[in-house]
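Below: one structure, written as structure tokens.
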Amino acid sequence: MWNRLFGAQPDPPPLLVLITAVLAVAVVVVRLPWRIARNAITIAHEGGHALIALVTGRKLKGIRLHSDTSGLTLSAGRPTGPGMILTLLAGYVAPSLVGLAGAWLLGGNRITLLLWIAVALLFAMLLMIRNMFGIVSILVTGGVVLAVSWLATPQVQAAFAYTGVWFLLIGGIRPVGELQRLRAQGRSPESDADQLAWLTRVPGLVWVGLFGLVNVAALVVGGLLLAGPWLPELSLPVGR
């Protein structure tokens, strides 16, 4: 069991890495798959708020996940100051940073470890969920990841893990664009960016730009980590 959890799996075929990346792009850009899969982005978003709230000493009161893929994390503490700023900042960058951490694990071929960590984090988050849809969403997501990690073949585990990590890296960018579109239409006056603007006197557009910059950087670095096994195959020969 210990070796299964912490041992390294073989490098995935280059075609698997490519196919899972294409599949993740399709899920992000096609409306219906995105509408369903976006719940995973919301889980990571609210989990980011919750984790940083705890790390900065705020009291976490609960998390709500809604069927329209929105979410809400409630914490108690000072309404201003670094803790509140970092808590607000964490949401939109959390999916991409989680994806980057996953890419780092996959770069070391720790596929099973990645899946088990995901299960542990999901069920830890379950303790703080305060509505029925959120409970069902976490249980279904955690149950799927647990089933794959426990029952699936190594090939299926690899395909599932790579698709999930690519999705977080790519899908973390789209909500930033959606956020700015809503802000431009005046439909999101209490967004994370606007709350950060109120706290720091730095314009909300700057915060949206920061979200986007962090997430694009995570995609670039994460993509290089995920492509590691097949990058040598693309390199040109040097001499003979």
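Details
- Normalised by the number of residues in the chain, the mean separation of alpha-carbon contacts (under 8 Å, six or more apart) gives a relative contact order of 27 percent.
- Here the Debye sum runs over all C-alpha atoms of the chain as equal scatterers in vacuum, and log10 of I(q)/I(0) at q = 0.07, 0.13, 0.17 Å⁻¹ comes out as -0.24, -0.81, -1.30.
- Whether the range 1-109 is rounded, prolate or oblate, judged on the alpha carbon gyration tensor where a/c under 1.5 counts as rounded: oblate
- Count Lys and Arg as plus one, Asp and Glu as minus one, and take only other residues whose Cβ is under 15 Å from that of LEU74; the net charge is then +3.
- Summing +1 for each Lys or Arg and -1 for each Asp or Glu among the other residues whose beta-carbon sits under 14 angstrom from that of ALA40 gives +2.
- Tail fraction, Cα-Cα pairs, the range 50-135, threshold 15 Å, whole percent: 65
- Between the helical axis of 154-171 and the longest alpha-carbon principal axis of the chain there is an angle of about 40 degrees.
- Cα Rg, Dmax (largest Cα-Cα span) when computed across the range 21-63, Å: 14.3, 40
- The range 27-105 - percent relative contact order, Cα under 8 Å, separation 6 or more: 33
- Relative contact order of the range 75-146, pairs being alpha-carbon contacts under 8 Å that are 6 or more residues apart, as %: 25
- Per-bin percent of Cα-Cα distances, the range 96-218 [5 Å]: 2, 11, 16, 15, 16, 16, 12, 7, 4, 1, 0
- Placing ILE19, ILE52 in order of accessible area, with the largest value first and a 1.4 Å probe, yields ILE19, ILE52.
- Kirkwood Rh and Cα Rg combined as Rg over Rh, evaluated for the range 188-230: 1.26
The values are calculated or read from the model by the stated rules, or taken from the named source; none is laboratory data. The structure displayed is predicted, hence computed values, not measured ones. Cβ atoms come from the backbone with ideal geometry, glycine included; neighbour counts cover every protein chain shown. Note: accessible area is taken over every heavy atom of the protein model, side chains too, but ligands, DNA and RNA are not part of it. Shrake-Rupley method; radii C 1.70, N 1.55, O 1.52, S 1.80 Å.
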